[in-house]
Structures are given as structure tokens and as C-alpha cells.
Amino acid sequence: MELEPPFRKIIHVDMDAFYASVAELDNPELRGKAIAVGGNEIRGVISAASYEARKFGVKSAMSGVLAKQKCPHLIFVKSNFVRYKEISTKVREIFYDYTDLVEPLSLDEAYLDVTNNKKGNPSANDIAREIRQRIFEETGLRASAGISINKFIAKVASDINKPNGQKTVHPDEVIQFLEELPVNKFYGVGKVTTAKMYNLGIFVGNDLKKKTLEELTNFFGKSGTHYYNIVRGIHNSKVKPNRIRKSIAAERTFFENISSEIFMLEKLEKIADELEKRMKKTDTKGKTITLKIKYSDFTQQTRSKTNPNFMQQKSEFFPVVKELLYQDKLKNSVRLLGLSFGNLNTEKKEPVFVQLKFDF
């Protein structure tokens with residue numbers, strides 16, 4: 001099977017160890033050392049790790065206690081989201097010099113459609129290299145990139161030559177690239193799905209490709225159709241510059257576990273203040289309020305309620321928070337509480353963007 005033109009030119013830019021790299025940028029004495037952002041050696045969960053720390057098995061979402069066990073010389077640094085956002089804004093300004101079709105995924109990564117770019121440069125590979133060089137010159141940080149005909153392949157490719165590298169998968173290389181790709185490298189295929197695929201004898205893309213659409217939907221439900229298409233290079237999701245925010249949240253991890261609901265209510269008061277602040281800052285309202293509870297054994301529970309009317313003020317939604325807290329008995333002592341709003345007033349129909357078509 002061969003893919004037929006016209007092809008889009010998609011770049012996925014991913015900052016290298018962004019949070020840790022910002023810490024090194026602001027504190028040069030940390031360069032070359034094993035550092036973790038967030039958490040500490042007593043409790044808490046780390047949000048990022050430098051490449052030096054990753055060599056010891058330290059990774060994001062790992063408890064600080066375990067991270068310290070794996071890497072005894074690990075240095076913990078505090079998160080600084082004001083600084084992350086500041087640098088992220090500078091990086092996005094660079095993106096917009098090349099195209100208006102920029103879809104941020106987070107503070108440290110984004111898709112760019114450069115099929116029809118502002119520089120008139122026909123080479124997406126050259127544009128990615130120029131963008132990465134500008135990011136380094138203007139922020140002092142490194143980035144990696146993946147370039148291909150769709151978002152899925154570009155995302156996978158950006159991870160291949162990390163850190164500080166890039167990988168282009170040309171249209172005539174797509175099929176072979178996907179057939180040889182280990183299934184655990186497919187974006188969106190996590191540990192559970194990987195194990196299931198292994199049990200089915202699916203180890204690389206070519207194994208996946210041999211399965212019929214019916215077999216894959218039987219094995220994986222709706223995701224089966226997705227796997228059937230992507231291994232054939234079919235992924236038609238466009239770069240959406242106006243990504244719509246689906247939720248706004250605030251949460252806190254506590255230094256000591258809490259077992260009293262009265263104390264939890266006090267903590268939730270402060271979390272609710274922060275959530276209200278974020279809602280007002282973004283001029284957002286929501287109908288569904290969710291209480292997130294993470295217990296001392298790291299199990300997690302969520303409790304939600306949807307109101308008929310949009311809410312933004314703490315005075316409107318905090319009575320619902322109380323109701324959710326007392327809805328069921330707690331299973332254990334609590335290490336984290338969080339509140340989030342869903343069903344936001346921003347969830348409107350997404351605009352449709354027409355992509356101009358050029359040869360790759």
C-alpha cells in the first residue's frame with residue numbers, strides 16, 4: 001500500500017526535559033547533575049527529571065521517596081510555573097513567525113502545520129532545524145522535533161533523536177517506518193495496551209497491520225479502528241490552532257497525610273480559592289465540579305456533580321464540594337485533594353480550517 005499525495009507537512013516540537021532544563025538555566029550550578037522538579041525525598045510526586053536523573057530510572061509521576069532510592073544523589077528543585085509560562089510564550093512567538101497553524105499540547109510541546117508557511121520555505125526539515133536553533137539562541141534551551149505527513153508520525157518521530165535532535169519521516173518512508181516501529185513506541189499505546197498486544201503476538205507495526213479491522217475492534221474496542229488506520233499512515237486530524245480547554249483544575253499534595261474531613265474541608269477552602277481565581281482569570285465558567293482524592297496508598301477516587309447552570313464563584317460551587325466530600329466514607333488517609341471544573345462555557349464547536357495542499 002502506498003500513500004497518495006498531496007501531503008501535509010507537520011512538525012512536532014518538544015522541548016528537552018523542559019522543567020529540569022529551566023531549573024538548570026536559572027541555576028547553572030545544577031547543569032550536568034541529576035535533578036527532579038517537584039516533590040521531595042520525604043513525600044510528594046515529581047513532575048519532571050533531568051536526563052542525568054533518568055539514567056537511574058527517575059521519571060515523572062514517580063514518588064519522591066522512590067526517586068531518591070533509585071538515585072541517592074538526586075537534587076530536588078521547586079516548580080516555577082510562572083517561569084515556565086514565560087519561556088513557553090517566547091517559544092510560541094517563534095512558532096508564529098513561521099505559521100499561524102500552531103496547536104500547543106502543553107507548555108513544552110506543540111504541533112505546527114508548515115505546509116503553507118510564512119517563510120515560503122518548501123522544506124519542513126529546514127524549518128524545524130531553524131526553529132530549534134532560534135529556540136536555543138533566544139531562550140538558551142534545547143528542543144527536538146519530528147517531521148512527517150501527519151500529527152501521529154511527527155509526534156513519534158520527535159522522540160527518536162532526543163535530546164537536541166530531529167527526525168524526518170518522508171512520505172515514501174512512512175509505511176516502512178510504521179511497519180518496523182515497536183508497538184510500545186506508538187503514541188498513545190501505554191503499558192497495559194502494550195502487554196495486551198504482546199499477548200496477541202503484536203510486537204511491531206507489521207504485526208499490527210496483519211490484524212483485520214474486525215479483529216482489532218474485537219480486541220481493543222473503538223481504539224481498534226484507530227490502530228488499524230495509524231499503522232497504515234492514516235491520521236487525518238488537523239492542526240487546530242484554537243484548541244478548546246476542556247477543564248480547569250487546582251490541587252494540593254500535603255506534607256502529612258490527612259484523615260479528618262474537617263481538616264480536609266479547610267484545605268479544600270484554599271484549593272477552591274485558587275480554582276475561582278483561575279476561572280476568573282480565564283473568564284471561564286463550568287457546570288461539572290469534580291473532587292479528586294488521592295489516598296496514602298496512592299489509590300485515587302473522583303466524585304462529580306453537574307449543575308444545570310454555569311458556575312464560577314466559590315460561593316456557588318463550594319456547597320457542592322462539601323456535598324461531594326461527605327458523599328461517601330473515606331477509604332484511607334488522604335495525601336492529595338483536587339478540584340476541577342468540566343463542561344465549560346468554552347466548549348463550543350471547533351472551527352474548521354482548510355489546509356492548502358503542496359508537494360512534500
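The values are calculated or read from the model by the stated rules, or taken from the named source; none is laboratory data. Note that this is a predicted model, so its numbers are computed, not measured. No Cβ is skipped: glycine too gets one built from the backbone with ideal geometry, and neighbour counts run over all protein chains shown.
Among the strands (runs of 3 or more DSSP E) confined to the range 236-338, the ones with at least 3 residues that are on the phi < 0 side of the Ramachandran plot and of a type in the set (D, E, K, R) are located at 248-258, 286-295. The condition of being among the acidic types (Asp, Glu), in contact with a helix residue (DSSP H, G or I) (Cβ under 6 Å, 6 or more places away or on another chain), over 30 Å from Asn121 (Cα atoms) and assigned to a helix (DSSP H, G or I) holds for only one of Glu24, Glu41, that being Glu24.
Among the residues of the range 232-270, those identified as touching a Phe, Trp or Tyr at 6+ places or on another chain (Cβ under 8 Å) and among the β-branched types (Val, Ile, Thr) are Val239, Ile248. For Arg232, the stated conditions do not hold, so it cannot be described as in the same structural domain as Gly338 (by TED's automatic domain parsing) and either under 30 Å from Lys292 (Cβ atoms) or at pLDDT 90 or above (or both). Within the range 157-197, being assigned to a loop (DSSP other than H, G, I, E, B), at negative phi and not small (Gly, Ala, Ser) holds for Asp159, Ile160, Asn161, Lys162, Pro163, Val169, His170, Leu181, Phe186, Tyr187, Val189. A single entry from Asp97, Asp126, Asp113, Asp108 fulfils the requirement of being farther than 16 Å from Lys167 by Cβ and either over 20 Å from the mean Cα position of the chain (by Cα) or small (Gly, Ala, Ser) (or both): Asp97.
Does at least one position in the range 149-156 carry a residue that is outside any helix (DSSP H, G or I) and at pLDDT 95 or above? Checked against the condition, which is being outside any helix (DSSP H, G or I) and at pLDDT 95 or above, the range 149-156 yields at least one hit. The residues in the range 67-94 that are among the aliphatic types (A, V, I, L, M), surrounded by fewer than 16 Cβ atoms within 10 Å (Cβ to Cβ) and either in a strand (DSSP E or B) or modelled with pLDDT of 95 or more (or both) can be counted, and the count is 0.
Collect the residues in the range 95-129 that are free of Cβ contacts under 8 Å to residues at least 40 places away in the same chain, of a type in the set (Phe, Trp, Tyr) and not in a loop (DSSP other than H, G, I, E, B), keeping them in residue-number order. Residue satisfying the conditions is Tyr96 alone.
When the range 138-158 is filtered for residues that are surrounded by fewer than 22 Cβ atoms within 10 Å (Cβ to Cβ) and farther than 19 Å from Val239 by Cα, the ones remaining, listed by number, are Glu138, Thr139, Gly140, Leu141, Arg142.
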